[in-house]
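Asker: Before I ask anything, let me first share the structure, which is written out below as structure tokens.
Quick note: the coordinates plus some simple rules give every number you see, no bench work behind them. Just so it is clear, the model here is predicted, and its values are computed rather than measured. Backbone-built Cβ (ideal geometry, glycine too); neighbour counts: all protein chains shown.
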């Protein structure tokens, strides 16, 4: 079984509360190895002497280790370790807390996680295929034009890159009545768009990426629709219920719209420079 980090924290805290929270409070250690070692010590102590106090220490150790992982995201193997401890804690709690109503957290659906990965791969392939159908695919051997550099260093583009980091580090609880509204791998979808922009050397290339992004709207395997899926419950409700009043957009797509507005300004300036060059080279 594999449980989410938040469910592991919630379950272990619940056991601590069921035991009366009679032991001293403690903070997690700075290194994972130290937290894992403390967890092993408490697990062994409970195995040797099955008391409510040792159960509480074991639950606290799991809680601390899980909180450490939440604050310091790590690989899946560490989550598997804590999930195994939660199963062991549950079995001991059933025996030592006979009056408590205990239920294991809902298991993470690995099939759903794999489906999200497959979905993102299909979106990526579809986006790249559509982009390759357009002209002006530039080579890495050429330096970026001044207009392209201006686009890639603009406040609007940097805001989009910063928001990708926000999505990567998002630790918010997007559950409402037990339903998780968080869009998994959304930061990876945004990374695909950002990296494609950064590979361009000309403004034509930048325009093609932007055009391809918007052209995927309302299509199967759509990058636009993937990034325009709301994260939170109330955003999701507004997006769904008020769609007839206005076209609801996520923060991600709103930032891309702002970037597109800046791109249109660059396009206008680029055309004006070209016209001025033509007039200068062909005086009347």
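Asker: Assuming R0 = 51 Å, what is the FRET efficiency of residue 162 and residue 40, from their Cβ-Cβ distance, to the nearest 0.05?
Answerer: The value I calculate is 0.80.
Asker: Ranked highest first by the average count of other Cβ atoms within 10 Å around their residues, in what order do 258-268, 58-68 fall?
Answerer: The densest-packed peptide leads the list: 58-68, 258-268.
Asker: Points 7 angstrom from Cα along the Cβ direction at residue 90 and residue 267: gap in nanometres?
Answerer: Here the answer is 5.5 nm between the modelled labels.
Asker: Between region 32-49 and region 252-270, how far is it from one alpha carbon centroid to the other, in angstrom?
Answerer: Going from one Cα centre to the other spans 55 Å.
Asker: Can you give me the Kirkwood hydrodynamic radius for region 5-96, using every pair of distinct Cα atoms, in Å to one decimal?
Answerer: Taking the inverse mean of 1/r over all distinct Cα pairs, region 5-96 comes out at 12.9 Å.
Asker: Among 30-38, 18-26, how do they line up from the highest to the lowest mean number of other beta-carbon atoms within 10 Å?
Answerer: 30-38, 18-26
Asker: How far apart, in nm, are two points set 7 Å out from the Cα along the Cα-to-Cβ line at residue 132 and at residue 199?
Answerer: 0.9
Asker: Next question. Quote to one decimal, in nm, the extra length available between residue 106 and residue 229 on full extension: 0.36 nm per residue of separation minus the C-alpha distance between them.
Answerer: Length difference between fully extended and current span is 41.9 nm.
Asker: According to the Kirkwood expression over distinct Cα-Cα pairs, how big is the hydrodynamic radius of region 48-102, in Å?
Answerer: It is 12.1 Å.
Asker: I need the calculated FRET efficiency for the pair residue 121 and residue 149, taking r as the beta carbon distance and R₀ as 22 Å, to the nearest 0.05.
Answerer: That gives a FRET efficiency of 0.10.
Asker: OK, next. Using a Förster radius of 22 Å, what is the FRET efficiency between residue 72 and residue 25 based on their Cβ-Cβ separation? Nearest 0.05, please.
Answerer: Calculated value: 0.65.
Asker: Please report 153, 252 as a ranked list, fewest other C-beta atoms within 10 angstrom at the top and most at the bottom.
Answerer: Listed from fewest to most nearby Cβ atoms, that is 153, 252.
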